Amino acid sequence: MRHLLEVKDLEVKFALWSDELTAIDGISFTLDRGELLGIVGESGAGKSVTGFAIINLISKPGFISAGQVLFEGQELNRLPEEEMRAIRGNRISMIFQDPMMTLNPVLTIRTQMVETVLAHENVSKAEAFDIALDKLKKVHIPSPEKRIHQYPHECSGGMRQRIVVAIALLTNPALIIADEPTTALDVTIQAEIMDLLLELCESEKMGLILITHDLAVVSQITEKVIVMYAGKIVESGSTQTVVEDPKHPYTQGLIKALPGIIPPGSRLNQIPGMMPNLTDIPAGCAFHPRCNISGNTCQMEVPALISKGQHDRMLACHMIK
Amino acid sequence: MKSWNRFKNSYLFYSFKRDPVAIFSFSALSVLVIISILAPVVAPYNTYDMATIDIMDAETPPAWMEGGSESFILGTDIQGRDLLSTMIYGLRVSLLIGVGAVLLQAVVGILVGLLSGYLGGKLDAFLMRIADIQFSIPYLIVAIFTSAIFKLAFGVGRYAELAVPLLIIIIGMSEWPKYARTVRASVLGEKNKEYVEAARVIGINRWQIMYRHVLPNTLTPVLVISTIQVAEAVMSEAALSFLGLGMPITKPSLGALIRAGFEYIFSGSWWITFFPGVLLAFLILVILLLGDWLRDVFNPKLYKG
């Protein structure tokens with residue numbers, strides 16, 4: 001069966017003054033319709049760049065240097081800009097971190113939504129308005145008839161993120177990429193937005209890529225998870241197995257760092273050291289300076305991502321057999 | 001009706017109501033603008049109609065002075081035109097040139113600023129260097145040069161007819177870099193905001209993003225400098241006319257009137273230059289006061305004090 005999205009050996013580089021910096025170093029994964037995938041990692045691991053690479057919108061000086069992004073059989077990174085724009089926002093939508101910033105402050109919600117519909121579909125303004133209103137109802141906005149005529153600053157943060165989700169849904173996309181959609185919101189609103197995304201994915205049969213650093217959120221809603229470190233996948237597999245039985249020392253560290261695991265009052269576990277600067281990634285396994293089980297091979301050879309055990313688990317570590 | 005209600009409840013109107021200077025300058029400016037628009041109706045005489053002018057009335061002092069006449073309240077100028085009517089027509093010419101020049105500046109400047117700010121790169125460097133060059137040439141030199149060439153090419157007679165558009169172009173073209181720089185600076189601030197990124201992700205093309213999303217967010221400073229630019233353009237025109245490079249004496253602007261009267265100031269006919277001078281100063285003052293208030297209202301740092 002053909003996958004909805006297939007990323008093969010994707011590599012993204014950023015041109016610097018003299019040389020290049022590799023932000024994403026050969027990652028591969030697949031996603032099917034209705035499937036929920038989480039991408040986790042620290043800041044700078046390349047999660048957001050992966051999201052932008054999928055819709056071929058990496059801003060200069062970055063570029064996709066190798067690999068393929070196949071979406072419904074089309075190779076997105078080879079598509080001319082004109083055709084790409086027809087897919088972007090239409091078949092693939094993206095939701096950003098901060099709803100305070102993603103809505104244009106000087107345009108009403110109606111204007112912004114109608115514009116999006118008109119950019120992709122051949123309908124009249126009145127029809128576009130009806131579609132917009134319908135989507136606002138779908139994301140459970142109270143009195144949408146009133147809200148649609150308002151400006152973004154007249155809505156609360158949670159409300160705005162709902163509107164952003166509604167805008168992402170306008171053209172019935174097959175895939176939504178949510179880049180830390182709840183980071184800027186408080187916990188109760190977070191849960192609401194997550195439930196909403198989950199519900200919509202089920203009812204509309206959409207694929208969802210959830211990019212976040214919050215393992216708790218990932219374990220709640222996703223089916224598959226990818227753990228990234230310094231531009232590489234270090235562990236992937238079904239969310240349940242990875243979260244309950246993490247194998248890679250980095251994943252283990254991330255899970256141990258969650259507050260729920262330790263007794264109240266004691267210090268949180270943390271992974272020693274910092275994520276390496278991308279200009280200066282350690283030789284061998286990028287994680288070895290921070291790893292507590294690293295051996296000699298780790299400093300010399302880059303571990304390959306290979307299948308380990310059942311449940312599609314993939315792992316890139318020399319020390320775990 | 002709905003937008004009127006929205007305006008009535010806006011912060012703009014609220015702060016306007018509470019600021020006596022704003023109310024005064026706005027109403028004074030409105031009166032001046034209305035008078036100048038309705039000049040043919042309001043003015044006692046049509047000063048463009050040669051038949052109404054009698055040279056025997058020349059240099060009549062204002063009505064309250066000895067030798068003054070009831071029919072010429074502010075007296076007459078050296079050609080026997082009613083000074084009040086001439087000033088009203090002059091105000092009309094001054095405002096027309098001022099507003100026209102600012103519109104030209106704004107259109108050119110906003111376009112250049114938006115393109116160079118949003119697209120960046122080589123185009124940005126090129127357009128901004130042109131702006132620098134334009135800025136480094138004093139407009140007086142351009143004006144002397146252009147009007148000399150113009151008078152040679154079209155003859156002095158045609159010059160009188162075409163002086164208004166010519167002055168609009170000279171003043172407009174000399175000041176557009178101010179708009180270009182203001183707009184470019186705020187475009188640079190806006191273009192990396194997430195809503196622009198979001199618009200790109202939605203699949204909207206870059207011209208639409210530029211025009212619909214970025215431009216409206218950069219217009220506040222444009223509005224504020226526009227008021228000051230109108231005042232400056234009116235003064236530039238007055239300066240040019242005073243130097244004899246502006247409006248001809250048959251169709252005088254306020255500046256041209258001041259110049260015409262200036263030659264007779266020591267022969268006792270002070271009113272020919274005094275009243276237009278006062279009117280010009282008042283006009284500029286009122287525009288600047290209004291601009292000052294606008295700047296305060298639109299400055300978010302002062303906004304919620």
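The values are calculated or read from the model by the stated rules, or taken from the named source; none is laboratory data. What you see is a predicted model; the values in this text were computed from it and never measured. All Cβ positions, even for glycine, are placed from backbone atoms using ideal geometry, and neighbour counts span all protein chains on display.
Of all residues in the range A:96-123, those that are more than 27 Å from A:Ile211 (Cβ to Cβ) and either in contact with a Phe, Trp or Tyr (Cβ under 9 Å, 6 or more places away or on another chain) or hydrophobic (A, V, I, L, M, F, W, C) (or both) total 6. Checking A:Ile293, A:Ile320, A:Ile262, A:Ile255 one by one, the residue that is of a type outside the set (Lys, Arg), in contact with a helix residue (DSSP H, G or I) (Cβ under 9 Å, 6 or more places away or on another chain) and more than 20 Å from A:Ala230 (Cβ to Cβ) is A:Ile262 and no other. What residue, among those in the range B:198-224 that are at the interface with another protein chain (Cβ under 7 Å from one of its Cβ atoms) and surrounded by 19 or more Cβ atoms within 10 Å (Cβ to Cβ), is nearest to B:Leu104 (Cα to Cα)? It comes out as B:Asn217.
Within the range A:165-191, the residues that satisfy the criterion of being buried (at least 16 other Cβ atoms within 10 Å of the Cβ), outside any loop (DSSP other than H, G, I, E, B) and not β-branched (Val, Ile, Thr) are A:Ala166, A:Ala168, A:Leu169, A:Leu175, A:Ala178, A:Asp179, A:Gln190. When restricted to residues that are of a type in the set (Ser, Thr, Tyr) and surrounded by 13 or more Cβ atoms within 10 Å (Cβ to Cβ), the range A:251-269 contains 1. May I ask you to verify whether A:Asn77 is over 30 Å from A:Gln252 (Cβ atoms) and within 13 Å of chain B (Cβ to nearest Cβ)? Judged against the criteria, A:Asn77 is not a match.
List pairs: first residue in the range A:162-174 and free of Cβ contacts under 8 Å to residues at least 40 places away in the same chain, second residue among the charged types (D, E, K, R) and assigned to a loop (DSSP other than H, G, I, E, B) anywhere in the structure, Cβ distance under 9 angstrom, at least six positions apart or on different chains. As it stands, the answer is A:Asn172/A:Arg91, since those pairs meet every condition given.
Look at A:Lys137 and say whether it is under 21 Å from A:Asn90 (Cα atoms) and basic (Lys, Arg). Against the criterion (under 21 Å from A:Asn90 (Cα atoms) and basic (Lys, Arg)), A:Lys137 qualifies. The selection criterion, being at pLDDT 85 or above, more than 11 Å from chain A (Cβ to nearest Cβ) and within 24 Å of B:Phe145 (Cβ to Cβ), does not hold for B:Ala281. For the range B:52-68, the criterion of a residue being farther than 25 Å from B:Asn217 by Cβ, under 26 Å from the mean Cα position of the chain (by Cα) and surrounded by 15 or more Cβ atoms within 10 Å (Cβ to Cβ) is satisfied by no position. Scanning the range A:124-135 for residues that are under 28 Å from A:Ile209 (Cβ atoms) and touching a helix residue (DSSP H, G or I) at 6+ places or on another chain (Cβ under 7 Å) gives A:Ala128, A:Ile131, A:Ala132, A:Leu133, A:Lys135. From the list A:Ile109, A:Ile95, A:Ile64, the one residue that fits, being away from every other protein chain (no Cβ under 13 Å), at pLDDT 85 or above and either within 24 Å of the chain's Cα centre (by Cα) or more than 22 Å from A:Leu198 (Cα to Cα) (or both), is A:Ile64. In the range B:183-197, the residues that are facing another protein chain (nearest Cβ under 7 Å) form Cβ pairs under 7 Å with partners that are of a type in the set (Val, Ile, Thr), at six or more places apart or across chains, as follows: B:Glu194/A:Thr102; B:Tyr195/A:Thr102. Checked against (1) of a type in the set (Ser, Thr, Tyr); (2) facing chain B (nearest Cβ under 9 Å); (3) surrounded by 23 or more Cβ atoms within 10 Å (Cβ to Cβ), A:Ser59 passes all but condition (3). So in the range B:156-182, with the set limited to residues that are within 30 Å of B:Pro252 (Cβ to Cβ) and among the hydroxyl-bearing types (Ser, Thr, Tyr), which one is nearest to the other protein chains (Cβ to nearest Cβ)? Among those residues, the one meeting the criterion is B:Tyr179. Tallying residues that are in contact (Cβ under 8 Å) with a residue 40 or more places away in the chain, of a type outside the set (Gly, Ala, Ser) and over 19 Å from B:Ser94 (Cα atoms) within the range B:125-143 yields 5.
For first residues located in the range B:70-91 and crowded, with 21+ Cβ neighbours inside 10 Å, partners that are of a type in the set (D, E, K, R) and not in a helix (DSSP H, G or I) and lie 6+ apart or on another chain with Cβ distances below 7 Å form the pairs B:Phe72/B:Asp82; B:Thr76/B:Glu59; B:Thr76/B:Asp82; B:Leu83/B:Asp77; B:Thr86/B:Asp77. Of all the listed residues (B:Phe26, B:Phe7), the sole one being assigned to a helix (DSSP H, G or I), without any contact (Cβ under 8 Å) to a residue 12 or more places away in the chain and over 19 Å from B:Pro252 (Cα atoms) is B:Phe7.
Looking across the range A:80-92 at every residue that is aliphatic (A, V, I, L, M) and at the interface with another protein chain (Cβ under 8 Å from one of its Cβ atoms), the one that is surrounded by the fewest Cβ atoms within 10 Å (Cβ to Cβ) is identified as A:Ala86.
Considering only residues in the range A:195-222 that are of a type in the set (S, T, N, Q) and surrounded by fewer than 18 Cβ atoms within 10 Å (Cβ to Cβ), the one that is farthest from A:Arg33 (Cα to Cα) turns out to be A:Gln220. Checked against (1) under 14 Å from B:Leu283 (Cβ atoms); (2) buried (at least 20 other Cβ atoms within 10 Å of the Cβ), B:Gly261 meets all criteria but (1). Annotation: A:Pro272 fulfils all but one of (1) surrounded by 13 or more Cβ atoms within 10 Å (Cβ to Cβ); (2) assigned to a loop (DSSP other than H, G, I, E, B); (3) of a type outside the set (Gly, Ala, Ser); the unmet one is (1).
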